[in-house]
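Before any comments, here is the structure.
The values are calculated or read from the model by the stated rules, or taken from the named source; none is laboratory data. Not measured: the values here are computed from a predicted model. We place every Cβ from the backbone using ideal geometry, glycine too, and count neighbours over all the protein chains shown.
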Ligand SMILES: *Cc1c(COP(=O)(O)O)cnc(C)c1O
């Protein structure tokens, strides 16, 4: 057996990890969902360890997988008020749940006589996972503009797009960019009348909205399986289920429609294949961790953690409303906030949300920059900064408040980043011909984004506002190509 030095290997890993954004402590207000309960993390780690060698591919060989999945699905079904005609799967994440919801709907639509290219109708705020799904499964993505001030979709406008070629309508509970709870009841009712599937993307809300309380005590409009026209719903365990990455639940109403999610083949000389989800061999780690956390917390534990998020979100919303030059977008439902410039105050008092986020980052707080977007009707959605609040946030509110206020003070009156100088410098032919990786890399270099790694790993620039301004200003296909090159070069071994 080869000799190896575990201590040295792990020491290098620890050194690399030290360069990561902190996953705990509430300083990163997206990507990570910290329950703030060390025992929950420890339980999850031990559960992962126990199933580490298991292959989640085959629950008949590794029977623990079937039991854990059944119990997690049972818990989720009760939480989201599904009856016993609701069945489901644990997937590897929100994207896989969304992909499978779309694939199922497309195949059900085809089986019921749909021909040609199916259409997917959703508000423009629908998660990018549905762009990916439409691309992978070849559906036309039909995005309905939302109100530019509130981020809310008009259900009448969405319903007007339904038709025979529509395989699926998607609404969110809530939407990621602006935390809007979409009009689930109105859309699902129209879908049911027209025989169209309706998916509720509760990837971020599914494990916390069941416990959400509005400031005025009013109940939320119905958004889950209590709404009869809802045919599927996704809810990520690796978000407000506090599980390690790699776990989400997809519930489907009706066994027969859910069977369209499966893939089975005996048409090869190897083992008979039957998979409910997209991967073949897969880890059971995140499932086991999710299962253990559900056992440990139960509805009461989730409710308690949600209560902390309710209080913290409302406190932070009040703080932001009180910062001169910033405002919240719309009427957020759930532990997410989108912040933009308050255009009602004079320019010298306005705060650009991206400069603000760059300042917060200098102070050790990572907020998420979201670009503006021109919708199909020509209206422009503002560029914003996103904050996801987790249970660990509550005990840090004073520190966070100090940083948010100081960051705003540092950039108040500063105009938003402008990409025109960079744009004029770019050769015009970039817009046409497909770029080779070398040309794309050269463009990245010319706009200051080349060679952006150091000895500990990938590095983006310290100021993200100019980068986001570029993303908004460049033609979409070019930006998408450049982003591809940027990420590819970050993980590639160096060329010599
Ligand atoms: C996170 C999220 C997704 C995609 O989930 P991943 O787990 O990142 O793949 C989809 N929809 C919404 C609303 C989300 O918040």
**Report entry** Filter result for residue 133 (assigned by TED's automatic domain parsing to the domain that holds residue 167, more than 15 Å from the ligand (Cβ to nearest atom) and in contact with a strand residue (DSSP E or B) (Cβ under 8 Å, 6 or more places away or on another chain))
**Finding:** no
Report task. Tally the residues that are in a helix (DSSP H, G or I) and either over 22 Å from residue 178 (Cα atoms) or in contact with a helix residue (DSSP H, G or I) (Cβ under 7 Å, 6 or more places away or on another chain) (or both), restricting the search to region 155-165. Result -> 3
Requested in this report: Could you list, in sequence order, all residues of region 201-224 that are out of contact with any helix residue (DSSP H, G or I) (no Cβ under 6 Å at 6 or more places or on another chain) and surrounded by 24 or more Cβ atoms within 10 Å (Cβ to Cβ)?
Outcome: 201, 202, 204, 205, 206, 207
Report task. Please determine, by comparing only the residues of region 239-262 that are buried (at least 23 other Cβ atoms within 10 Å of the Cβ) and not in a loop (DSSP other than H, G, I, E, B), which one is farthest from the ligand (Cβ to nearest atom). Result -> 258
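Here are 224, 236: which of them is closer than 29 Å to residue 335 by Cα and more than 13 Å from the ligand (Cβ to nearest atom)?
Criteria check complete, one pass: 224.
To keep it simple, each residue is scored yes or no on (1) surrounded by fewer than 16 Cβ atoms within 10 Å (Cβ to Cβ); (2) in contact with a helix residue (DSSP H, G or I) (Cβ under 6 Å, 6 or more places away or on another chain).
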{"residue": "388", "(1), (2)": "no, no"}
{"residue": "396", "(1), (2)": "no, no"}
{"residue": "450", "(1), (2)": "yes, yes"}
{"residue": "480", "(1), (2)": "yes, no"}
{"residue": "484", "(1), (2)": "yes, no"}
{"residue": "488", "(1), (2)": "yes, no"}
Query raised in the report: Of 179, 188, which residue is part of a loop (DSSP other than H, G, I, E, B), at pLDDT 95 or above and either within 16 Å of the ligand (Cβ to nearest atom) or crowded, with 22+ Cβ neighbours inside 10 Å (or both)?
Result: 179
Report task. Taking the residues in region 148-169 that are touching a residue at least 60 places away in the same chain (Cβ under 8 Å) and within 16 Å of the ligand (Cβ to nearest atom) as candidates, determine which candidate is surrounded by the most Cβ atoms within 10 Å (Cβ to Cβ). Result -> 168
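To keep it simple, each residue is scored yes or no on (1) closer than 28 Å to residue 23 by Cα; (2) outside the structural domain of residue 129 (by TED's automatic domain parsing); (3) more than 21 Å from the chain's Cα centre (by Cα).
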{"site": "238", "(1), (2), (3)": "yes, no, no"}
{"site": "247", "(1), (2), (3)": "yes, no, no"}
{"site": "250", "(1), (2), (3)": "yes, no, no"}
{"site": "260", "(1), (2), (3)": "no, no, yes"}
{"site": "263", "(1), (2), (3)": "no, no, yes"}
{"site": "267", "(1), (2), (3)": "no, no, yes"}
{"site": "274", "(1), (2), (3)": "no, no, yes"}
{"site": "283", "(1), (2), (3)": "yes, no, yes"}
{"site": "288", "(1), (2), (3)": "yes, no, yes"}
**Report entry** Index of the failed condition, residue 298 passing every other in (1) free of Cβ contacts under 8 Å to residues at least 24 places away in the same chain; (2) outside any strand (DSSP E or B); (3) touching a strand residue (DSSP E or B) at 6+ places or on another chain (Cβ under 7 Å)
**Finding:** (3)
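Could you tell me whether any residue of region 25-37 is within 16 Å of residue 297 (Cα to Cα) and surrounded by fewer than 19 Cβ atoms within 10 Å (Cβ to Cβ)?
yes
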